[in-house]
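Inspection log for the structure reproduced underneath, given as structure tokens.
The values are calculated or read from the model by the stated rules, or taken from the named source; none is laboratory data. In this text, all values refer to a predicted model and were calculated from it rather than measured experimentally. Because the Cβ atoms are built from the backbone with ideal geometry, glycine has one as well, and the counts that use them run over all protein chains shown. Quick note on the areas: whole protein, heavy atoms, side chains included, nothing else; ligands and nucleic acids left out. Shrake-Rupley method; radii C 1.70, N 1.55, O 1.52, S 1.80 Å.
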Amino acid sequence: MMQPSSGENVNQRIARISAHLDPPNLHMENTASVSRLNCRAKGGAAGFRVAVLGAAGGIGQPLAMLMKMNPLVSVLHLYDVVNTPGVTSDISHMDTGAVVRGFLGQQQLEEALTGVDLAIIPAGVPRKPGMTRDDLFNINAGIVRTLSEAIAKCCPNAIVNVISNPVNSTVPIAAEVFKKAGTFDPKKLLGVTMLDVVRANTFVAEVLGLDPRDVNVPVVGGHAGVTILPLLSQVKPPCSFTPKEVDYLTDRIQNGGTEVVEAKAGAGSATLSMAYAAVKFADACLRGLRGDASVVECAFVTELPFFASKVRLGRIGVEEIYPLGPLNEYERAGLEKAKKELESSIQKGVSFVRK
Ligand SMILES: NC(=O)C1=CN([C@@H]2O[C@H](COP(=O)(O)OP(=O)(O)OC[C@H]3O[C@@H](n4cnc5c(N)ncnc54)[C@H](O)[C@@H]3O)[C@@H](O)[C@H]2O)C=CC1
Ligand SMILES: O=C([O-])CC(=O)C(=O)O
């Protein structure tokens with residue numbers, strides 16, 4: 001026990017005690033479950049272990065915060081190449097169940113991934129006005145490859161949620177890395193297209209005058225421009241749109257990301273709505289892992305070979321990929337455009353790893 005020194009004021013006392021504390025829950029050299037003042041908690045209530053890779057970023061921070069609030073998460077690993085000590089300290093003060101641990105820099109990447117059930121990847125640079133998602137390829141491809149190599153080594157059975165853009169190429173990159181490592185399981189690798197669904201629900205609800213929570217719009221294809229294919233003929237609850245409404249909604253859903261990039265005027269792309277969407281999707285993956293019945297969401301999966309589809313999530317990841325269902329003429333034309341662009345984006349990702 002530290003003894004109070006005589007003549008010490010409150011600020012001096014606090015400073016003296018703080019100097020004896022370990023860095024806040026940060027897994028540095030001294031990992032020792034960081035026993036601040038010998039607290040007994042070692043963490044690990046029943047639940048899943050989740051790692052966020054890119055946790056200090058615009059998406060990473062709110063995503064980490066929301067995952068800390070998720071009762072299915074028992075241990076939350078926050079990894080980034082910068083700033084994880086601060087983010088980890090901050091989030092670790094939330095009085096929710098998950099134990100938070102921070103990991104900083106490449107040398108701590110493997111430790112960050114060991115034992116995790118779900119790895120979420122929002123690492124990488126975002127767009128600025130005038131850029132396409134594909135313009136991010138040169139930087140983000142290498143980041144996703146590095147992180148995927150570490151996943152293959154340290155948690156080959158984890159479910160992987162890829163957020164980093166261009167998703168249409170980064171998911172094929174992860175798949176190729178896993179194939180090379182002999183760990184590829186198409187049931188476990190998912191590109192996160194949930195934001196397209198979240199936007200579609202919101203915009204359709206606005207047009208119809210409904211509560212967005214009561215609306216469900218399947219969005220298939222991919223996650224860039226024309227590859228984002230909302231199936232407005234399959235909206236639940238069943239409803240109909242005028243041709244003008246279909247044009248307006250399709251355009252707004254396909255360009256929702258650009259709408260945010262332009263509004264942010266150089267300060268990045270969607271972060272808050274993306275963190276919300278990522279957590280909605282991660283929660284679905286965890287409920288599937290827990291064995292909940294009928295967990296169905298849209299995601300970019302690797303079995304057609306790559307296509308965002310409605311999928312049922314279960315204990316092993318993707319348990320069923322639903323067919324597209326009946327498409328109207330407008331959607332069939334959209335599908336042809338989507339397929340063409342998707343093919344080249346997929347090939348670009350595959351070649352990046354094979355070259
Ligand atoms: N799938 C989707 O629907 C969406 C995807 N995105 C994408 O998500 C990515 C991240 O966006 P923001 O969070 O806004 O960017 P950001 O720049 O704010 O954050 C990215 C974070 O990644 C970290 N990072 C960079 N290299 C890393 C590495 N090798 N390992 C671990 N962390 C690393 C950075 O240090 C930074 O903290 C972008 O590629 C963006 O285009 C954004 C919105 C929606
Ligand atoms: O548009 C971007 O660059 C980010 C993104 O993927 C989205 O908001 O859908």
Exercise. Give me the pairs: first residue in region 93-118 and buried (at least 21 other Cβ atoms within 10 Å of the Cβ), second residue modelled with pLDDT under 95 and polar (S, T, N, Q), beta-carbon distance under 7 Å, and six or more apart or on different chains, which are they?
Worked result: Val100/Asn25; Arg101/Asn25; Gly102/Asn25
Exercise. Limited to region 246-262, what total is found for residues that are within 15 Å of Met131 (Cβ to Cβ), out of contact with any helix residue (DSSP H, G or I) (no Cβ under 9 Å at 6 or more places or on another chain) and either without any contact (Cβ under 8 Å) to a residue 24 or more places away in the chain or surrounded by fewer than 17 Cβ atoms within 10 Å (Cβ to Cβ) (or both)?
Worked result: 1
Exercise. Considering Lys153, Lys188, Lys179, which residue is without any contact (Cβ under 8 Å) to a residue 12 or more places away in the chain and within 23 Å of Pro122 (Cα to Cα)?
Worked result: Lys179
Exercise. Residues of region 217-245 being open to solvent by less than 30 Å² (accessible area, probe 1.4 Å) and either more than 24 Å from the chain's Cα centre (by Cα) or closer than 16 Å to Asn328 by Cβ (or both), which ones?
Worked result: Val217, Pro218, Val219, Val220, Gly221, Leu229, Pro230, Leu231, Leu232, Val235
Exercise. Restricting the first residue to region 263-286 and requiring it to be away from ligand 1 (no atom under 13 Å from the Cβ) and open to solvent by 10 Å² or more (accessible area, probe 1.4 Å), which pairs with a second residue that is of a type outside the set (Asp, Glu) and assigned to a loop (DSSP other than H, G, I, E, B) meet a Cβ separation below 8 Å and a spacing of at least six or different chains?
Worked result: Ala265/Pro129; Asp283/Asn70; Asp283/Leu72
Problem set entry | In region 192-216, residue most open to solvent (accessible area, probe 1.4 Å) [restricted to those that are closer than 18 Å to Ala308 by Cα and away from ligand 1 (no atom under 14 Å from the Cβ)] | Asn216
Seminar exercise, completed: Picking from Val219, Val177, Val260, the residue that is modelled with pLDDT of 95 or more, touching a Lys or Arg at 6+ places or on another chain (Cβ under 8 Å) and within 16 Å of ligand 1 (Cβ to nearest atom) would be Val177
Seminar exercise, completed: Residue set Thr96, Thr114; condition polar (S, T, N, Q), in contact with a helix residue (DSSP H, G or I) (Cβ under 8 Å, 6 or more places away or on another chain), farther than 26 Å from Leu189 by Cβ and more than 16 Å from ligand 2 (Cβ to nearest atom); output residue Thr96
Seminar exercise, completed: Of the listed residues (Ser89, Ser148), the one being surrounded by fewer than 19 Cβ atoms within 10 Å (Cβ to Cβ) and more than 15 Å from ligand 2 (Cβ to nearest atom) is Ser89
Exercise. Within region 55-83, restricting attention to residues that are more than 17 Å from the chain's Cα centre (by Cα) and not aliphatic (A, V, I, L, M), which residue is most open to solvent (accessible area, probe 1.4 Å)?
Worked result: Pro71
For this session: With the checklist (1) within 21 Å of Leu231 (Cα to Cα); (2) surrounded by fewer than 16 Cβ atoms within 10 Å (Cβ to Cβ); (3) in contact (Cβ under 8 Å) with a residue 40 or more places away in the chain in hand, flag the one item Arg354 doesn't pass.
Result: (1)
Seminar exercise, completed: Taking region 116-171 and the residues there that are of a type in the set (D, E, K, R) and outside any helix (DSSP H, G or I), the one that is farthest from ligand 1 (Cβ to nearest atom) would be Asp117
